[in-house]
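What follows is a set of notes on a single structure, which appears directly below.
The values are calculated or read from the model by the stated rules, or taken from the named source; none is laboratory data. What you see is a predicted model; the values in this text were computed from it and never measured. These accessible areas exclude ligands, DNA and RNA; they are computed on the full protein's heavy atoms, side chains included. Shrake-Rupley method; radii C 1.70, N 1.55, O 1.52, S 1.80 Å.
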Amino acid sequence: MSVHNGNNGANYLQTTSLNIPCNQTFFVGVWTKRANLDTSVLSRHTHFSTNATLNDQPRVIGQQSATTRDWLVTSTTGQGGSTIVDTWVHLALWFGGWTGTSQEQRSFQNGVSVAHMSGTSNFPSSNLSYLRLLTRWEESPTGNYMRGKIAELAVYTGITVAQRDTILAEMQTTHVGALSITPTYAWRLLDNANATVGGVNLTMVGTVTFDADDHPFATSAPPARRRTFVLM
């Protein structure tokens, strides 16, 4: 199961009540499946910000090129990989801690690092309080909405690189409610927009629908191994 907006930018999910310090490490992972519906408009499907504008300390995952369908994970600039229509892929974005001049940015596709750079930050002490899914925060977001589906969104703050790598590996097969390191915030987006972790439900704007038959492979953590006895 997964959430989508019916190819209409007036339909999205959002909240304005997160509390993610910009000067700490920040990590977000999400499953996405793009649809080949419109080649003329870029899409931004996961957009964090300090307020309801496009450029205030954003953390974005979305489509970079309407021609090649590459995707982007960034604060202002960056690179990612390419996706295939109607295929679930896992995208992740890492921001290292604020150094006083910049933050490390690293993006991952299906658990593999695909881009690495450093980015400046204008508001290193601000909080990322705003989250919008299926489009982005700005005055007129309907021109940059997600054409496709998203699911299993998890957000972490204040974790180490070693913890990030553990989480990233688990995200490839394990749903966000069963990760061994508990997220700061998480939403499965199975059949509603309620929080899985963190207690912040998302608000539906317009008509957001859930596909009960389409969800990335994500299981609970594997069970402990049991002893097997063979009678002789």
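Against the criterion of being modelled with pLDDT under 95 and open to solvent by 50 Å² or more (accessible area, probe 1.4 Å), Arg136 does not qualify. One residue alone among Ile181, Ile167 is at pLDDT 95 or above, outside any strand (DSSP E or B) and more than 17 Å from Trp31 (Cα to Cα), and that residue is Ile181.
Table: residues versus (1) of a type outside the set (Ser, Thr, Tyr); (2) closer than 23 Å to Ser113 by Cα; (3) at pLDDT 60 or above; (4) open to solvent by 50 Å² or more (accessible area, probe 1.4 Å).
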{"site": "Tyr12", "(1), (2), (3), (4)": "no, no, yes, no"}
{"site": "Cys22", "(1), (2), (3), (4)": "yes, yes, yes, no"}
{"site": "Thr32", "(1), (2), (3), (4)": "no, yes, yes, no"}
{"site": "Gly62", "(1), (2), (3), (4)": "yes, yes, yes, no"}
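In this structure, is Thr142 at pLDDT below 85, open to solvent by 60 Å² or more (accessible area, probe 1.4 Å) and over 30 Å from Thr207 (Cα atoms)? Spelling it out, it is not the case that Thr142 is at pLDDT below 85, open to solvent by 60 Å² or more (accessible area, probe 1.4 Å) and over 30 Å from Thr207 (Cα atoms). Within segment 146-164, the set of residues being open to solvent by less than 30 Å² (accessible area, probe 1.4 Å) and part of a loop (DSSP other than H, G, I, E, B) comprises Met146, Arg147, Ile159.
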